[in-house]
1. Which ³J(HN,Hα) values, rounded to whole Hz and listed in residue order, are derived for the range 143-153 from phi using the Karplus coefficients 6.51, -1.76 and 1.60 in 6.51 cos²θ - 1.76 cosθ + 1.60 with θ = phi - 60°, glycine and proline given as x?
2. Could you work out how much longer the chain between His106 and Asp18 gets when fully extended? Use 0.36 nm per residue separation minus the Cα distance between them, nm to one decimal.
3. Per 5 Å bin, what is the whole-percent P(r) computed from every C-alpha pair distance within the range 1-56?
4. Convert each backbone phi in the range 107-117 into a coupling constant with the Karplus relation 6.51 cos²θ - 1.76 cosθ + 1.60 (shift: θ = phi - 60°), then list the ³J(HN,Hα) values in order as whole Hz, x for Gly and Pro.
5. Between Phe124 and Asn45, how high is the FRET efficiency from 1/(1 + (r/R0)^6) when r is the Cβ-Cβ distance and R₀ = 41 Å? Nearest 0.05.
6. Can you list the lysines whose alpha carbon sits under 30 Å from that of Lys16, skipping same-chain ones fewer than 8 residues off?
7. What list do you get for His119, His7, His2 if you sort them by fewest beta carbons within 10 Å?
8. Please report Rg (one decimal) and Dmax (integer) in Å for the Cα set of the range 1-104.
Amino acid sequence: MHHRLAHAGLLDIAAKLDRGERLDLSEGVRLFESPDLLAVGWLANREREKRHGARTFYNYNIRLEATNVCVASCLFCAFARLKPGDEGAYTMSLEQAWDKLRQRAHQPLTEIHVVNGLHPDLPFDYYTELLRGFKRIRPDIHLKCFTAVEIAFFADLYRITDEQVMRELMAAGLDSLPGGGSFRIWLLSGWNASGMNAWKPQVSSCSARARSMWSTRSSAVSICPYSIVTFDRMPSRWAVR
Ligand code: SF4
C-alpha cells in the first residue's frame, strides 16, 4: 500500500493521519480529487478502524414517501409525478401514512425515514401532523424526515423562513434531516463557527439557507452529514469537515 499511496501522491496525508493530525481543507480537496479511489478508501477505512475498531452500527428503519407529486423534474428521477391526477401520482392521507407505521408494530423499528416529492398544494400542517401522528404511535421512534431541498421548498411555498420551517417541524417531532436531494453543498458534521467563517467568502447567497438550517440544527435537531444545500458546484466544499 505504501507504493500505491506514493503513486497517488498521498504519502504526506497518510503520514499526517499516522500522527493523529487533523487534515486541512486543501488536503481534503486533494483526497476528493484523487483518481485513486481505492487508496483513498484504504486510508478512510484505516482511520475508521483506528477510531471505532471492528464495530459497525445499523438502525432499523421504515422508509415512507407520503407523496410522489413533485413540481421538480430531476432528470434521473423515476419516482415523481408532476401533478395530482397524473398517472401513478399518489398522496397518502395522514391515516394512510400512519397505518404504514402501525402495520410494522411487531418490528423493532428505530427510525422513520421520510422523503417526499415537492407537492405544490398540501398545507404545511399536513407535514407537522404527519410527524405528530408518528410520535403518537411510537413515541420513541426517531424521525428523520425531509431533505434540505424540501425544507427550502416549504419555506418558499408557505412564505416563512427556513428557520421557522425547521422550528415548527422540530416542535412536531422532527429529530433529523436525511441527506440527499438536488442541492449541492454538503454540510458536513464537525463544522464550527470558525470553519464557516473561513469559508464564507466563497459561499453563495443560497447557502445562507444552509447556514440557517445548520444554526437551527445546533439547538436541537441534527442534519445528516450528507445533507446538501445549495446550487453551486464546488467540489472543494464537499471536502470541508
Ligand atoms: S425533487 Fe426529488 S422527487 Fe422531485 S423530481 Fe427531484 S428527485 Fe424526484
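1. Once rounded to whole Hz, the list reads 9, 9, 9, 6, 5, 4, 4, 5, 4, 5, 5.
2. 27.0 nm
3. Bin by bin from 0 Å, the calculated values are 4, 19, 31, 26, 14, 5, 0.
4. With the stated coefficients, the range 107-117 comes to 9, x, 4, 10, 8, 10, 10, 10, 9, 10, x Hz.
5. On the way: r = 43 Å, r/R0 = 1.04.
Rounded to the nearest 0.05, the efficiency is 0.45.
6. Cross-link targets: Lys50, Lys200.
7. Fewest-to-most Cβ neighbours within 10 Å comes out as His2, His7, His119.
8. Reported Rg and Dmax, both Å: 22.7, 60.
Laboratory data are not the source of any read-out in this text; all were calculated from the coordinates shown. What you see is a predicted model, and the numbers here were worked out from it, not measured in a lab. A quick note on method: Cβ atoms are made from the backbone with ideal geometry, for glycine too, and the neighbour counts reach across all protein chains shown.
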